[in-house]
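The structure appears right after this line, and notes come after that.
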Amino acid sequence: MSATTYAVSDSLTMLRRNLKRAQRYPAMTFSVVVMPVMMLMLFNYAFGGALGAGIGGGSYIDYVTPGIVLMTATAGSVATAVGVCVDMTEGIVNRFRTMAISRSAFLTGHVVGSVIQTLVALVLVIGAAFAMGFRSSAGPVEWLAAAGLLLFVTLTLTWISAGIGLVSKTPESASNTPLPLTFLPFIGSAIVPPDSMPTVLRWFAEYQPFTPIIETLRGLLMGTGIGNSGWIALAWCTGLTLLGYVWSRSVFYRR
Amino acid sequence: MAAISAVGLTKSYGDKAVLRGIDLSIPAGTVFALLGPNGAGKTTTVEILSTLIPADAGSVQVAGHDLVREADGVRRAIGVTGQFSAVDNLLTAEENLMLMADLNHLRRREGRRRAEELLRRFDLTDAARKPVVTFSGGMRRKLDLAMTLVGDPKVIFLDEPTTGLDPRSRRTMWEIIRGLVADHGVTIFLTTQYLEEADQLADRIAVLDGGRIVAEGTAEELKRIVPGGRIRLQFTDAGQLDTAAALFDYATADAEALRLDIPGDNSVITVKAVLDTLDNASVRAESLVVETADLDDVFLQLTGEGAR
């Protein structure tokens, strides 16, 4: 077998290992689903009435769902960081390093495994949103585009959190460091339109990466205007994925 | 042919020199023990030889491959069982072994056969389907070594393989290690802080202290470094001990244990001389033991405070 075949087969071995681990320790996947579902319930049933009136008509769950769906992807990134960090702090990574296996397999296995885990969580959260009354205007093409966007965003967040997991000394800090990421959608257009925020916050909300992503997702699912948000979202995702990838790789090879 | 040879190995972290020029030549099919106190640089040496970290200087060949230029060749030939268990806690013992089989690119059937054989050899068959989380320290260490063996390594590094194990598990581990050399002809590079372990297992022992090898040889050769032994007298009261201590120039008294150690060997003349001296001073000792030098003496003489 050639080096490339080994790289693929080693990555698949690592992926199988990570999926098996996720299966054995479902609490982590579970937490990725529970947090966004609780948010959905909180914002739909508890705050929905008031917030819905504030955004000027329309069903509030339709407004908030795209934002919460994105939060699911950020919750997944916490799980990635913890997973990578746990592996790095246990002895097994040193075993892998002393074996003649493809150098990239360890990270690839983690990232692909986490992406799959997060996608499962995304499907469950979207299902929960439907159960709470969310209705989408999207056709098959829009759904496909939304799925593609979510996949890309998840990949972006996963590479960044893989890097966070690698530099974190303990699993606790690995789970805390991505928390700001989880809250970033709040200071965007996830819950309320940024127009209603004070100037500084509004400026931040408009230019941070989550806002164009949420706007694109909302546009695809609800038929609101996307404008140039789609391109900005893709640019952010491409840039941040590359950054996360290069950063993670360099940290992993350095240690 | 040497399975491991190293010349002028050095490593520093910042301005702290961990290894200050290590030379090694370990013949294939032998057990080599690197003996030293905590912080002597044992783990660092293993980490360098097993391709985990680069050395600052020096050249190393492992199993005929250059450590830097042919790292993957080295990795194909070695197996490493480190100080901290390198097993996947969420997988079962069998899954851990199959993971190793896959990463060694064995065919499915060959991998399964190898896993079963290793489980049997290490007495883990009954626990094969249980998650490793539930394993005792001894079982975990055995699985760890079994995982190392899946790839059929020619050179095995064992970094403190019995640290933290109870005496029974330690003996089991020793048996396994002896079996590896006898049945499979592998070369073993072992680090330990237990003299008994080095004495029991190793063909050759090197004593590492402060990043330098301060002595090297067989257990017998090392024991010869420390001249003579001691005559140990046991007393029943402190007064007698003090009187006796004053009679011998180089004696060391242990007031707590009421013991007096006098340098000397087991020749009749020496023992008689000691007894006569006691007799003339009318000192009553309870009992007498003659101890010849053991590795502990070598270790204490060569390492730490005593050596500087």
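Taking segment B:196-248 as the range and being closer than 19 Å to B:Asn266 by Cβ and either in contact with a Ser or Thr (Cβ under 9 Å, 6 or more places away or on another chain) or not hydrophobic (A, V, I, L, M, F, W, C) (or both) as the test, the residues that pass are B:Glu220, B:Lys223, B:Arg224, B:Pro227, B:Gly228, B:Gly229, B:Arg230, B:Ile231, B:Arg232, B:Leu233, B:Gln234, B:Phe248. Mind telling me which of the residues B:Ala257, B:Ala206, B:Ala273, B:Ala202 ends up being modelled with pLDDT under 90, under 30 Å from B:Arg170 (Cα atoms) and of a type in the set (A, V, I, L, M, F, W, C)? Only one candidate qualifies: B:Ala257. For segment A:212-241, a tally of residues being part of a helix (DSSP H, G or I), at pLDDT below 90 and β-branched (Val, Ile, Thr) returns 0.
Kindly indicate whether any position in segment B:92-109 is in contact with a strand residue (DSSP E or B) (Cβ under 7 Å, 6 or more places away or on another chain), within 12 Å of another protein chain (Cβ to nearest Cβ) and either at pLDDT below 90 or at negative phi (or both). Break it down into steps so the answer makes sense when it comes.
Initial filter on segment B:92-109 (in contact with a strand residue (DSSP E or B) (Cβ under 7 Å, 6 or more places away or on another chain)): B:92.
Next, only the ones that are within 12 Å of another protein chain (Cβ to nearest Cβ) stay: B:92.
Then drop every residue that is not either at pLDDT below 90 or at negative phi (or both), which leaves B:92.
Yes - at least one qualifying residue is present in segment B:92-109.
In segment B:123-142, of all residues being under 21 Å from the mean Cα position of the chain (by Cα) and more than 12 Å from chain A (Cβ to nearest Cβ), the one that is surrounded by the fewest Cβ atoms within 10 Å (Cβ to Cβ) corresponds to B:Gly137. Of the residues in segment A:1-14, at least one is part of a helix (DSSP H, G or I), surrounded by fewer than 24 Cβ atoms within 10 Å (Cβ to Cβ), among the aromatic types (Phe, Trp, Tyr) and within 14 Å of chain B (Cβ to nearest Cβ).
Residues of segment B:181-200 that are over 20 Å from B:Ala146 (Cα atoms), out of contact with any Pro (no Cβ under 9 Å at 6 or more places or on another chain) and surrounded by fewer than 24 Cβ atoms within 10 Å (Cβ to Cβ): B:Tyr194, B:Leu195, B:Glu196, B:Asp199, B:Gln200.
Confirm whether A:Val115 is buried (at least 22 other Cβ atoms within 10 Å of the Cβ), touching a helix residue (DSSP H, G or I) at 6+ places or on another chain (Cβ under 7 Å) and over 30 Å from B:Leu145 (Cβ atoms). Give the steps one after another, and end with the answer.
Details: buried (at least 22 other Cβ atoms within 10 Å of the Cβ): no; touching a helix residue (DSSP H, G or I) at 6+ places or on another chain (Cβ under 7 Å): yes; over 30 Å from B:Leu145 (Cβ atoms): yes.
Answer is no for this residue.
Just to be sure I understand, how many residues within segment A:19-43 are within 10 Å of chain B (Cβ to nearest Cβ) and in a helix (DSSP H, G or I)?
Residues of segment A:19-43 within 10 Å of chain B (Cβ to nearest Cβ): A:20-25.
From what's left, in a helix (DSSP H, G or I): A:20-24.
Matching residues across segment A:19-43 total 5.
Applying the condition of being touching a residue at least 40 places away in the same chain (Cβ under 8 Å) and under 11 Å from A:Met222 (Cα atoms) to segment A:127-142 and asking which residue is surrounded by the most Cβ atoms within 10 Å (Cβ to Cβ) yields A:Phe134.
The values are calculated or read from the model by the stated rules, or taken from the named source; none is laboratory data. Keep in mind the model is a prediction, meaning the values are calculated, not measured. With ideal geometry, Cβ positions are generated from the backbone for all residues, glycine too; neighbour counts draw on all protein chains shown.
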